[in-house]
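Since the structure comes first, as structure tokens, the remarks are kept for the end.
The values are calculated or read from the model by the stated rules, or taken from the named source; none is laboratory data. Keep in mind that this is a model prediction, so the values were computed, not measured. Methodologically, a virtual Cβ is constructed for each residue, glycine included, from the backbone with ideal geometry; neighbour enumeration extends over all protein chains shown. Just the protein is used for accessible areas: all its heavy atoms, side chains included, with ligands, DNA and RNA removed. Shrake-Rupley method; radii C 1.70, N 1.55, O 1.52, S 1.80 Å.
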Amino acid sequence: MVFGAPDGLTKVSFRRDVRLFLAILVGLLVFMIAALIIGFGRNTSFGSQQTLRQWNTSADAAADTLRNSITSTSPDVLQAHLGYIRSRYAIDAAVIEMESGAIQSGVTTSLVPIERPLPDARLICYFDPSPIQNARRTFLLLAVICIIVAVAGMTLLALYVPKITRPIEQMLDQAGRVGEREAGQEDTQYVVETFRRTVSVLKVQEDELRRLHALQKTRADDLERISRALTRSILSGFLSLDRDGRVLEVNAAAREMIPLPPNVHRLTITEALGEHEFSRLIVEAFQQRRALTRAEAEISIGDAKHLIGLTTVPLTNDAGEFLGMLALFTDLTQIRELEGRVREMKNFADLGEIAAGIAHEFRNSLATILGYLRLSKRAVATTDHVASVEKAEREAASLAEAVDSLLSFARPMEFHTHPVDLLELAESIAERLRISTGVDIRCRGGNAVVLGDRTLLDRAIENVIRNAADSVHRKSDGGSVDVQVIESPRPRIVVTDDGVGVDPAEVPSLFLPFRSGNPNGHGLGLPLAKKIILLHGGNIRLTGEPGRGAMATVEFSATAVSEAQTARPA
């Protein structure tokens, strides 16, 4: 570094000037703090002396009053005089000591005594030292604060001196990199000239950037023309918004799909589309900068209602700045109508399958009944005749039971909800089924409570456990059923058996009516159980393998649990 004249701007001179200025500033600060401390100290000392002088004056006046006014040594009289002088001369406590004893007025604890002689006695006046002590504490506190402020100020100055000098030093260093320094040129002039040249260079670069920006804008216009050509070719409705939420472009498909004004350019969504659910969806997506995927909204076009599917895409640049939004939409009315027709056809197919199962079940039972009735006609002995009629009666009763089960499955269910303890419910069902089936049924678990209809849940869970017991009963070597009630994370009942098992491929059909794996069953137990559990917001899963048993899981939703906890009495 080449140094200029003594008054030039160099690192050494700049640092020296800054340090000299800061040293003077610190000196003034220290001087002011010292003057404050000395002033506070003298004020405190003067106040203490004035207080002591006042105490002595009061003690002298009290002693003179007692000398002139005491004519009796009666304790009561002396006590009265002490009270009088305390109130008159602001004495906190007073004591007269005599040979016969001491007479005291007031509490002398923590007070400062001042003695005065009396004829054949001694007066001790007590004063509260709190004013002097408070003044001294205040002085010490102010002194400490002043010292801390001085130390903090000097520390801050010492820490920030490099930060103050560093920019100028860096400017001097960078000036040497930007341009050459003329011989004999002062540092101040050198820095100013360097800054001026730098500004000129930046001006030239700014003009170049403007030229590049104009070129980029021309390319953007070309891109806009291409995008307009693309939007005209898109079969779905297309709508673009700028960063202010105003319409930039719509295609012909959008105009055919929804009613729009002739000129929508620079209109808001509400102005262009009107007030309805579809426009509100686009406005909310724009305000939240949110991408919607296959959202649906209904609008009225004339006397008809149309269902519109909407997808929005927010646009951002490389810096993450929001540029606008694109909206693609399609009329889903015909598609939904087609889906409705397909669902109706599926419902009819399901009903036809159920009707076929009912017809098969009824045909078998009726054929058996007719067979027994024919045998009863041919029977010669009375015993054979009665037996055939009894068998026909049993088949008719079985057919009636199937009809009752079908009606229970088909009719709408109404239920009244109350908190139901699943473990208590499962134990009562297990106890009934042990007696009726003779199968070993074990029940265990935690106290899980759900909100539901106890009667319907009893029927559904009994069908599940009975199905497991029948599976065990059909196995040649027997087995057992394990019922476990699990409380968390969701309440569920797991019924496990080691019966004949189930083929995983047949599991979906077992929840359809009249698709029982039990030769003696009607195929309505599991479908009815699933319907009841679905009405309670739960579900049933069935897994297993042939010959290795099966596991049925009845799981309830978290909503049923929270509602049950709310409804449970405290």
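Suppose we keep only residues that are modelled with pLDDT under 60 and open to solvent by 50 Å² or more (accessible area, probe 1.4 Å) within segment 519-566. Which one would you say is farthest from ASP470 (Cα to Cα)?
Within segment 519-566, the subset modelled with pLDDT under 60 is 519-522, 560-566.
Filter again for open to solvent by 50 Å² or more (accessible area, probe 1.4 Å), leaving 519-520, 562-563, 565-566.
Values: PRO519: 10, ASN520: 10, SER562: 35, GLU563: 35, GLN565: 35, THR566: 38 Å.
Applying the filter and picking the extreme gives THR566.
Being open to solvent by 80 Å² or more (accessible area, probe 1.4 Å) and part of a helix (DSSP H, G or I) is the filter; apply it to segment 467-495 and report the residue that is nearest to ARG444 (Cα to Cα).
Top of the filtered list is HIS473.
State yes or no: is ARG454 loosely packed, with under 14 Cβ neighbours inside 10 Å and touching a helix residue (DSSP H, G or I) at 6+ places or on another chain (Cβ under 8 Å)?
Numbers: loosely packed, with under 14 Cβ neighbours inside 10 Å: no; touching a helix residue (DSSP H, G or I) at 6+ places or on another chain (Cβ under 8 Å): yes.
So ARG454 fails the test.
Suppose we filter SER236, SER227, SER240 for residues that are closer than 19 Å to ALA285 by Cβ, polar (S, T, N, Q) and at pLDDT below 85; which single one remains? Outline the logic, then answer.
Working: SER227 fails: closer than 19 Å to ALA285 by Cβ; SER240 fails: at pLDDT below 85.
Exactly one residue qualifies, and that residue is SER236.
For the list (1) under 60 Å from the mean Cα position of the chain (by Cα); (2) buried (at least 16 other Cβ atoms within 10 Å of the Cβ); (3) of a type outside the set (A, V, I, L, M), I need the number of the one condition that ASP92 fails.
(1)
Condition first: open to solvent by 90 Å² or more (accessible area, probe 1.4 Å) and either of a type in the set (Phe, Trp, Tyr) or within 59 Å of the chain's Cα centre (by Cα) (or both). Now tell me which residues in segment 18-65 satisfy that. Don't jump to the end; show me each part of the working.
Restricting attention to segment 18-65, the residues satisfying the condition of being open to solvent by 90 Å² or more (accessible area, probe 1.4 Å) are 19-21, 24, 28, 31-32, 38, 42-43, 46, 49, 53-54.
Correct list: ARG19, LEU20, PHE21, ILE24, LEU28, PHE31, MET32, PHE46.
Please tell me if GLY302 is out of contact with any Phe, Trp or Tyr (no Cβ under 7 Å at 6 or more places or on another chain), within 28 Å of GLN334 (Cα to Cα) and either loosely packed, with under 14 Cβ neighbours inside 10 Å or of a type in the set (Ser, Thr, Tyr) (or both). First the steps, then the outcome.
Numbers: out of contact with any Phe, Trp or Tyr (no Cβ under 7 Å at 6 or more places or on another chain): yes; within 28 Å of GLN334 (Cα to Cα): yes; either loosely packed, with under 14 Cβ neighbours inside 10 Å or of a type in the set (Ser, Thr, Tyr) (or both): yes.
So GLY302 passes the test.
Here is a check on your reading of the model: is ASP498 modelled with pLDDT of 85 or more and open to solvent by 50 Å² or more (accessible area, probe 1.4 Å)?
Values: modelled with pLDDT of 85 or more: yes; open to solvent by 50 Å² or more (accessible area, probe 1.4 Å): yes.
When the stated conditions are applied, ASP498 passes them.
Could you grab me the full set of residues in segment 434-456 that are in contact (Cβ under 8 Å) with a residue 40 or more places away in the chain and either assigned to a strand (DSSP E or B) or under 30 Å from ASP477 (Cβ atoms) (or both)?
Across segment 434-456, the qualifying residues are VAL439, ASP440, ILE441, ARG442, CYS443, ARG444, GLY445, VAL449, VAL450, LEU451, GLY452.
Evaluate segment 290-305: report whether one residue or more is modelled with pLDDT of 90 or more and under 19 Å from ALA253 (Cβ atoms).
Within segment 290-305, not a single residue is modelled with pLDDT of 90 or more and under 19 Å from ALA253 (Cβ atoms).
Taking LEU78 as the residue in question, decide whether it is at pLDDT below 80 and open to solvent by less than 40 Å² (accessible area, probe 1.4 Å). So that I can check it myself, show each step before the final result.
Working: at pLDDT below 80: yes; open to solvent by less than 40 Å² (accessible area, probe 1.4 Å): yes.
Yes.
Is it fair to say PRO117 is surrounded by fewer than 18 Cβ atoms within 10 Å (Cβ to Cβ) and in a strand (DSSP E or B)?
Numbers: surrounded by fewer than 18 Cβ atoms within 10 Å (Cβ to Cβ): yes; in a strand (DSSP E or B): yes.
So PRO117 fits the description; yes.
Please find, within segment 98-108, the residue that is farthest from PRO131 (Cα to Cα) out of those that are open to solvent by 70 Å² or more (accessible area, probe 1.4 Å) and either touching a strand residue (DSSP E or B) at 6+ places or on another chain (Cβ under 9 Å) or acidic (Asp, Glu) (or both). First the steps, then the outcome.
Residues of segment 98-108 open to solvent by 70 Å² or more (accessible area, probe 1.4 Å): 99-100, 102, 104, 107.
Remaining after also requiring either touching a strand residue (DSSP E or B) at 6+ places or on another chain (Cβ under 9 Å) or acidic (Asp, Glu) (or both): 99, 102, 104, 107.
Numbers: GLU99: 34, ALA102: 28, GLN104: 24, VAL107: 18 Å.
Result: GLU99.
Residues of segment 112-130 being hydrophobic (A, V, I, L, M, F, W, C) and either at positive phi or in contact (Cβ under 8 Å) with a residue 40 or more places away in the chain (or both), which ones? Give the steps one after another, and end with the answer.
We begin by selecting, within segment 112-130, every residue hydrophobic (A, V, I, L, M, F, W, C); these are 112, 114, 118, 121, 123-125, 127.
Listed by number, the residues that qualify are VAL112, ILE114, LEU118, LEU123, CYS125, PHE127.
Here are ASP458, ASP453, ASP421, ASP440: which of them is acidic (Asp, Glu) and closer than 27 Å to GLY547 by Cβ? Give the derivation first.
Details: ASP458 fails: closer than 27 Å to GLY547 by Cβ; ASP453 fails: closer than 27 Å to GLY547 by Cβ; ASP421 fails: closer than 27 Å to GLY547 by Cβ.
Matching residue, one of ASP458, ASP453, ASP421, ASP440: ASP440.
Give the residues of segment 254-278 that are part of a loop (DSSP other than H, G, I, E, B), open to solvent by 50 Å² or more (accessible area, probe 1.4 Å) and either within 14 Å of ALA327 (Cα to Cα) or in contact (Cβ under 8 Å) with a residue 24 or more places away in the chain (or both), sorted by residue number.
Looking only at segment 254-278, we keep the residues that are part of a loop (DSSP other than H, G, I, E, B), and these are 258-267, 274-276.
Remaining after also requiring open to solvent by 50 Å² or more (accessible area, probe 1.4 Å): 259, 262-263, 265-266, 275.
If the condition is that a residue be part of a loop (DSSP other than H, G, I, E, B), open to solvent by 50 Å² or more (accessible area, probe 1.4 Å) and either within 14 Å of ALA327 (Cα to Cα) or in contact (Cβ under 8 Å) with a residue 24 or more places away in the chain (or both), then PRO259 is the only one that fits.
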